[in-house]
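Asks: Sharing a structure with you now.
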Amino acid sequence: GGQGKRHNSNDSALNTSASSAIAYVASVTGCGSDSSLVDGAAVLKHSIHLSSIQNGIGRYDYKMYAIVTPEAMSCAAPLARIGYTIIQRDTPVAVEDIQGDFLRGRIQSNGCCGEKELIKFEAYTLTHHPLVVHLDLDVLVLKPLDNLFDLMLGKRPADMSAIMWKDQPLPERIDAVFTRDYNMVPATRKYKPVQGGFLVLRPSMETYNEIVEIVKKGDFIEGKGWGGVMGLFYGSMTFQGLIPYYYDVIKPGYAVELNRCIYNNMCDNPRDKPTVNDVVHGTCRDGRDDCEDCRSQPIEDIVTVHYTLCQKPWLCIPHDQDQIQHRLCRKLHNEWFRIRSSLEKSWGRSGFGSGQYEKKQFYGFCEKRSENGYLRIDHPKLTSQ
């Protein structure tokens, strides 16, 4: 702590000349137990490549970044070898610099990663790119995000079907688009959390500094959340609570919510009671009388996937039960292995592993149902830097 300016510790090495490419950013907060995250990162990058101008599919170019805490540098090193530019950053606010007593005392044990989750906000500093897509490493891109980029760069796209609340007027200037996680809170809550695995933002030092000041002030009230209004939920002290606090309360009118069946699809049950024999029960979590079910979304309409409820593809789970919550997960896992296969083919390999378990589903990259059965990517040794 206490090092005054907590910023740009090693950015001298960062090429900050203006680029028209979209920055895709993942944050690595620690060296957790998931040793297959490098494979996740490699397949994610290839999926972005396949939907980019470099593959002749999308209209936008891309550049990959990993924002990494100093503690996580040891496990993030492999990401540099697979084409990510590593940006080492401290959390934007030191815990001891938070003025609010309650937040200062509790943030380190909040959500998955405590105050380290705040490094996700470093994505706002990549101002040499027009837009930044912040993703978790257990995400897959299935189609170009060009409609979103067009929307945020002032070219109104013809297809607006992915906007969640179609009756609301669109802001003049859109600085952020995201999906909400309706599973976290009761439907009656006024403010809903943002799902932390997907955010497209307009980078801006002004926005960054505003968010840093909000965290420093630490106006997080016990039992009531940010500003005494946001309410509590998992991770509400950091990213998943600060994003909606900023865009719903502090600066409303600059963000747009997306349909979570099309972007950041997690195969979640839209209602508050269990689904039995493919029949949904209960009320819609998003407050509507009737709601679509992301688990029956046609795969050809899904733009990005987030492997949360479906579990990680590298756990080799077959999802072979004939139930609504498994059928789409099975297809989405198959897509991950298809893109892994395409990545390996791009290195001149067959694109199939030696594993015999559910070969059609897993492309030979699983020997049995478990993470021990997963055959990891043998990344090519880079001959040149």
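The values are calculated or read from the model by the stated rules, or taken from the named source; none is laboratory data. As the structure is a prediction and not an experimental result, all values here were calculated from the model. Cβ sites come from the backbone with ideal geometry, for glycine too, and all protein chains shown count toward neighbours. Quick note on the areas: whole protein, heavy atoms, side chains included, nothing else; ligands and nucleic acids left out. Shrake-Rupley method; radii C 1.70, N 1.55, O 1.52, S 1.80 Å.
Asks: Provide the FRET efficiency to the nearest 0.05 for the ASP278-LYS368 pair, computing r from the beta carbons and using R0 = 35 Å.
Replies: Approximately 0.75, to the nearest 0.05.
Asks: Which whole DSSP H helices in the chain pass both tests: a Cα extent of 15 Å or more along the axis and a mean Kyte-Doolittle value no lower than -0.5?
Replies: Going by DSSP H runs, the hits are 37-50, 205-217.
Asks: Let me ask another. Once you put a point 7 Å from the Cα of ARG173 and another 7 Å from the Cα of ASP101, both along the Cβ direction, what distance in nm separates them?
Replies: In this crude spin-label approximation the distance works out to 4.0 nm.
Asks: So, one more: With a 1.4 Å probe and every protein chain left in place, tell me how much accessible area LEU328 has, in Å² to the nearest 10.
Replies: Approximately 10 Å² for this residue.
Asks: Which of the three applies to segment 213-372, rounded, prolate or oblate, going by the alpha-carbon gyration tensor with a ≥ b ≥ c and a/c under 1.5 meaning rounded?
Replies: Prolate.
Asks: Which value, in Å² rounded to 10, gives the accessible area of SER20 with a 1.4 Å probe and all protein chains present?
Replies: Accessible surface of SER20 is approximately 100 Å².
Asks: Starting at 0 and stepping by 10 Å, how many percent of the alpha carbon pairs of the chain end up in each bin?
Replies: Calculated P(r), rounded to whole percents: 5, 23, 33, 27, 11, 1.
Asks: Across segment 291-298, in residue order, what do the Karplus-derived ³J(HN,Hα) couplings come to in whole Hz, using 6.51 cos²θ - 1.76 cosθ + 1.60 with θ = phi - 60° and x for Gly and Pro?
Replies: The phi angles translate into 9, 6, 10, 4, 6, 10, 5, x Hz.
Asks: Which peptide among 51-58, 136-143, 245-252 comes first, and what is the full order, when sorted by highest mean count of other Cβ atoms within 10 Å?
Replies: Answer by packing, highest mean first, reads 136-143, 245-252, 51-58.
Asks: For a Förster distance of 25 Å, can you work out the FRET efficiency between the beta-carbons of GLN323 and SER161, rounded to the nearest 0.05?
Replies: With R0 = 25 Å, the Cβ-Cβ based efficiency is 0.40.
Asks: Give the cross-link partners of LYS216 among the lysines, using a straight C-alpha distance below 29 Å as the criterion and excluding same-chain residues fewer than 8 apart.
Replies: Result set, ordered by chain and number: LYS5, LYS116, LYS120, LYS190, LYS192, LYS224, LYS251.
Asks: Only Cα pairs within less than 10 Å get springs; with that Gaussian network setup on the chain, which residue of PHE362, PHE352, PHE198 has the largest fluctuation?
Replies: Evaluated over the chain, the most mobile residue of the options is PHE352.
Asks: For the chain, which whole percent of the accessible surface, found with a 1.4 angstrom probe, sits on carbon and sulfur atoms?
Replies: Exposed carbon and sulfur together represent 49 percent of the surface.
Asks: If you don't mind, another one. So what is the calculated 222 nm ellipticity per residue for the chain, using -39500 (n - 2.57) for each DSSP H run with n of 4 or more, over all residues, to the nearest 500 deg cm²/dmol?
Replies: Calculated at 222 nm, the ellipticity per residue is -6500 deg cm²/dmol.
Asks: Most fluctuating residue of LYS45, LYS190, LYS116 in a GNM of the chain with Cα springs under 10 Å: which is it?
Replies: Ranking LYS45, LYS190, LYS116 by mean-square fluctuation puts LYS190 first.
Asks: Could you give the distance between the Cα centres of segment 31-107 and segment 234-255, to the whole Å?
Replies: Answer, in whole Å: 21.
Asks: Follow-up. Using the Cα gyration tensor of segment 17-70, with a ≥ b ≥ c the square roots of its eigenvalues, what is the shape: rounded (a/c below 1.5), prolate (a/b larger than b/c) or oblate (neither)?
Replies: oblate
Asks: Which value, in Å² rounded to 10, gives the accessible area of SER161 with a 1.4 Å probe and all protein chains present?
Replies: 50
Asks: Extension gain SER204-ARG376, at 0.36 nm per residue separation less the Cα-Cα distance, in nm?
Replies: Here the answer is 58.1 nm.
Asks: Pick from ARG59, ARG89, ARG349 the residue whose mean-square fluctuation is largest in a GNM of the chain, springs joining Cα atoms under 10 Å.
Replies: ARG349
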